[in-house]
Amino acid sequence: MSGNPILRSLAIGASAALLVTALAVPAAADADDSAAMFTGSLSGHCGLSSSTSEMNDDIREERGQVLGCFTWKTTDPRVSGVSTVVWNYDHHPAGDDVPGGTIGTARERIVSETGAWEGTLTQLDVEGKPKLESGWYVGEGEYDGLVFYVTLQDNGTSLWGYVSPEPPPVPEVVPEG
């Protein structure tokens, strides 16, 4: 660059300032959307409202139990926050050579400072076996465009899962045979 040395210095300084600014302020598209496995646990809870209960044959049906104040802590900071969950349960009695147990379904919302997750869980609690819950969640806010799958054991004392931009594809057909 020829000409006035002052203008040349100003142009170089302005270019350097733009470069530093571009590197220092990440674009929204730079959010972490990498796929990763995670582990963790839940802690705390509070009852927000009781369920209604009704007997249908020998099955006790509970509907609308609302629990909150669950703190999610995992090895992936994207899957963290405090949640509220609404549960429906069917409690089945034990029978001759048949264990009793509970099947439950839920809708849960996990909120953090940077985003939220909403999803559904299915719970299976068979007498004498570990209680398991699993489900898919969809991200919002900073987590928009991400999903995660999780399995929780014994009310979330341990959990493990997978977060990614999309779930693995489901096979289109099951082979005959």
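Every read-out reported here was derived from the displayed coordinates using simple, explicitly stated rules and does not represent laboratory data. Nothing here was measured: the structure is a model prediction, and the numbers come from that model. Cβ sites come from the backbone with ideal geometry, for glycine too, and all protein chains shown count toward neighbours.
Classify the range 88-176 as rounded, prolate or oblate, taking a ≥ b ≥ c as the square roots of the eigenvalues of its Cα gyration tensor: rounded when a/c is under 1.5, otherwise prolate if a/b is larger than b/c and oblate if not.
On the way: a/c = 2.71, a/b = 1.56, b/c = 1.74.
Cα axes put the range 88-176 in the oblate bin.
Each residue, Asn56 and Asp97, gets one label point 7 Å from its Cα in the Cβ direction; the gap between the two is 2.8 nm.
State whether the range 34-164 is rounded, prolate or oblate according to the following rule on the C-alpha gyration tensor (a ≥ b ≥ c being the square roots of its eigenvalues): a/c under 1.5 gives rounded; otherwise a/b larger than b/c gives prolate, and the remaining case gives oblate. Walk me through the numbers on the way to the answer.
On the way: a/c = 2.45, a/b = 1.78, b/c = 1.38.
Because a/c hits 1.5 or more and a/b exceeds b/c, the range 34-164 counts as prolate.
Multiplying the residue separation of Glu166 and Lys73 by 0.36 nm and removing their Cα-Cα distance gives an extension gain of 31.3 nm.
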